[in-house]
1. Residues that are touching a Phe, Trp or Tyr at 6+ places or on another chain (Cβ under 6 Å), of a type outside the set (S, T, Y) and free of Cβ contacts under 8 Å to residues at least 24 places away in the same chain: does segment 123-140 have at least one?
2. Looking at F93, F102, which one is in a helix (DSSP H, G or I) and either among the aromatic types (F, W, Y) or surrounded by 14 or more Cβ atoms within 10 Å (Cβ to Cβ) (or both)?
3. What number of residues within segment 1-52 satisfy the criterion of being outside any strand (DSSP E or B), of a type in the set (A, V, I, L, M) and surrounded by 13 or more Cβ atoms within 10 Å (Cβ to Cβ)?
4. On the given criteria, is I64 more than 18 Å from G97 (Cα to Cα) and among the hydrophobic types (A, V, I, L, M, F, W, C)?
5. If you take the residues of segment 117-149 that are more than 21 Å from A89 (Cα to Cα) and among the charged types (D, E, K, R), which of them is modelled with the lowest pLDDT?
6. Counting only residues that are part of a helix (DSSP H, G or I), closer than 20 Å to A37 by Cβ and of a type outside the set (F, W, Y), how many does segment 137-152 have?
7. If I ask for residues that are exposed (fewer than 14 other Cβ atoms within 10 Å of the Cβ), under 14 Å from the mean Cα position of the chain (by Cα) and in a helix (DSSP H, G or I), which ones from segment 105-123 would you list?
8. Here is a list: E45, E15. Which entry is among the acidic types (D, E) and in contact with a helix residue (DSSP H, G or I) (Cβ under 6 Å, 6 or more places away or on another chain)?
Amino acid sequence: MDIRNGEPRDADAIERISRASFDRVYAFFAIHGVRRAWPLLVAEEDGSVAGFLEGKLFDGHPPIGYIYYVAVDPTQRRRGIARDLIGEALAVFEHRGATRVFAAVSPENDASMAMLASLGFHEVDRQALWPWYGWRGLWARMWMVLAPFETLLVREAREHFRPSLPRAPP
């Protein structure tokens, strides 16, 4: 399995995987989110796209990483592809200086919640970006457009961990 930067030629595969992985609304936004994604990562095996990840890097000091879509072809699931995509995105964000990477997941998505927890993500209060980043955090939070039912997760670089901010209430 190779992880590489997404390219225009991947659009059809991303659309196919999005439609197979998400409901209509999420699929629409995943398909159209490709245009402003960075990083846009693709997992490829034998010339076929098996999954993709769309992320966003909010510039500033420090940058803020956000993973907003990860999807794997249903025939390729349970092989660690999503984990590999997220691992590569974390490396990209870290290389650019991000000390925190956020993700939003429906709490009913047990598989994604467990995988992200195993990668060091934990639930955080939806308002945490304000005390951490001020106005820039508020702008990033508005760009994220979290659905009311989604849980905001964060992975913090260990050397930058700030235990003074509480985790989200149970």
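1. yes
2. F93
3. So the answer is 11.
4. no
5. R126
6. Number satisfying all stated conditions: 4.
7. A117
8. None of the others qualify; the one that does is E15.
The values are calculated or read from the model by the stated rules, or taken from the named source; none is laboratory data. All values derive from a computational prediction rather than experimental measurement. Glycine gets a Cβ as well: all are built from the backbone with ideal geometry, and neighbour counts include every protein chain shown.
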